[in-house]
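**Q** Structure incoming, see below.
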Amino acid sequence: MLETMRRRIRSLVKLIEKTKRSIVYTDFEDELGELSAASLRGMEIGTDRTRFEQKLRIFLRAHEDQLAIQKIRRNKQITATDLTELERIFIEASIGSEADIDQAKAESGGLGLFLRSLTGLEREAAAMAFSTFQAGKTLTSAQLRFVNQLIEYLARNGTIDVAGLYESPFSSLAPGGPETLFPEADVVAMIAVIHSIRETATTRQQTG
């Protein structure tokens, strides 16, 4: 049926009157004026943050035997010299710009804490940090689950704020916070361990 219609239409084409089309000229005035570069606040040209972090993760995994990186992963005290040297390497290797690193330091509380958030802690180091806390105690199953969850969290994320103890995944174990499972003295001791882990990733003033 379609083929029959096609043939009929083709036979009618020759009957269409041919007309001559005239050329149309246009003359529009450019009302845009001169073009200028626009700057978008908060969107500076530079390394994308996600890409910067990905490149850093690759570098950190490939150089796990580097002393400063071992300190970060093993909860050993980092020094200003360690961090200065790492920052120099990152810039020279084009992993990130000085602005990228400054932004990361400002948002994380320092380069050491930022790097530890990427590397996490070795699980053995995280467990060792709580060995004194657990020494001499007979923890209940609920308390032990909470401590083990805290160790696993630190192994993945490197550090934790005290406020994080009241959020997921800990809130599922202790909806009211750690004080619902532990006596006040133990909560204070737990927080002291958390602070000590954080301090090893920050530089402290040395006297001598």
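The values are calculated or read from the model by the stated rules, or taken from the named source; none is laboratory data. Model, not experiment: these values are computed from the prediction. When we count neighbours, we look across all protein chains shown, and the Cβ atoms used for this are built from the backbone with ideal geometry, even at glycine. Quick note on the areas: whole protein, heavy atoms, side chains included, nothing else; ligands and nucleic acids left out. Shrake-Rupley method; radii C 1.70, N 1.55, O 1.52, S 1.80 Å.
**Q** What number of residues in the range 85-104 are free of Cβ contacts under 8 Å to residues at least 40 places away in the same chain and either surrounded by 13 or more Cβ atoms within 10 Å (Cβ to Cβ) or assigned to a loop (DSSP other than H, G, I, E, B) (or both)? Step through it out loud before you land on a result.
**A** From the range 85-104, those free of Cβ contacts under 8 Å to residues at least 40 places away in the same chain are 85-94, 98, 101-102; that's our starting set.
From what is left, the residues that are either surrounded by 13 or more Cβ atoms within 10 Å (Cβ to Cβ) or assigned to a loop (DSSP other than H, G, I, E, B) (or both) are 85-87, 89-91, 93-94, 101-102.
Count: 10.
**Q** Quick one: Asp161 ticks every box in (1) open to solvent by 70 Å² or more (accessible area, probe 1.4 Å); (2) touching a residue at least 60 places away in the same chain (Cβ under 8 Å) bar one, so which box is it?
**A** Of everything listed in (1) open to solvent by 70 Å² or more (accessible area, probe 1.4 Å); (2) touching a residue at least 60 places away in the same chain (Cβ under 8 Å), Asp161 misses just condition (2).
**Q** While we're looking at this one, here's another question. Could you please let me know if Thr140 is open to solvent by less than 50 Å² (accessible area, probe 1.4 Å), in contact (Cβ under 8 Å) with a residue 12 or more places away in the chain, hydroxyl-bearing (Ser, Thr, Tyr) and under 21 Å from Val193 (Cα atoms)?
**A** Values: open to solvent by less than 50 Å² (accessible area, probe 1.4 Å): no; in contact (Cβ under 8 Å) with a residue 12 or more places away in the chain: yes; hydroxyl-bearing (Ser, Thr, Tyr): yes; under 21 Å from Val193 (Cα atoms): yes.
Criteria not met by Thr140.
**Q** Yes or no: Thr81 open to solvent by 50 Å² or more (accessible area, probe 1.4 Å), of a type in the set (Val, Ile, Thr) and assigned to a loop (DSSP other than H, G, I, E, B)?
**A** Working: open to solvent by 50 Å² or more (accessible area, probe 1.4 Å): yes; of a type in the set (Val, Ile, Thr): yes; assigned to a loop (DSSP other than H, G, I, E, B): no.
Answer is no for this residue.
**Q** Which residues, counting only those in the range 132-154, are under 29 Å from the mean Cα position of the chain (by Cα) and among the hydroxyl-bearing types (Ser, Thr, Tyr)? Break it down into steps so the answer makes sense when it comes.
**A** Start the filter on the range 132-154 by keeping residues that are under 29 Å from the mean Cα position of the chain (by Cα), which leaves 145-154.
Residue satisfying the conditions is Tyr153 alone.
**Q** Working carefully through the options Arg116, Arg123, find the one that is under 12 Å from Asn75 (Cβ atoms), open to solvent by 70 Å² or more (accessible area, probe 1.4 Å) and either under 24 Å from the mean Cα position of the chain (by Cα) or touching a residue at least 60 places away in the same chain (Cβ under 8 Å) (or both).
**A** Arg123
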